[in-house]
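The values are calculated or read from the model by the stated rules, or taken from the named source; none is laboratory data. As the structure is a prediction and not an experimental result, all values here were calculated from the model. Using ideal geometry, Cβ is built from the backbone for each residue, glycine included, and neighbour counts are taken over all protein chains shown.
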Amino acid sequence: MSCPMGPADEPSTCVEFKFRVRGVDNLRVVDASVFPRVPGGFPILPTFVISHKATADLLGSQ
């Protein structure tokens, strides 16, 4: 299942850039499913980078 991240005007995306799921309160998605396209044959590094961005966003929003 995919839950791609992208702008609100893109109908195929369901996660905004702070990892919030549109239309659902208090739910965030932080995993490889937020990529709009498969990041290649080695998804570990891009997923690691996404987790660091999400950590910074979550700690900064408190």
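Points to keep in mind about this one:
- Subset of segment 1-27 [in contact (Cβ under 8 Å) with a residue 24 or more places away in the chain, in a loop (DSSP other than H, G, I, E, B) and surrounded by 13 or more Cβ atoms within 10 Å (Cβ to Cβ)]: 2, 3, 4, 6, 18, 19
- Members of segment 28-49 that are among the β-branched types (Val, Ile, Thr), closer than 12 Å to residue 4 by Cβ and part of a helix (DSSP H, G or I): 34
- Scanning segment 36-56 for residues that are at pLDDT 90 or above and touching a strand residue (DSSP E or B) at 6+ places or on another chain (Cβ under 9 Å) yields 50, 54.
- Among the residues here, residue 42 does not qualify as at positive phi and out of contact with any Asp or Glu (no Cβ under 6 Å at 6 or more places or on another chain).
- Scope segment 13-48; condition touching a Lys or Arg at 6+ places or on another chain (Cβ under 7 Å) and of a type in the set (Asp, Glu); matching residues: 16
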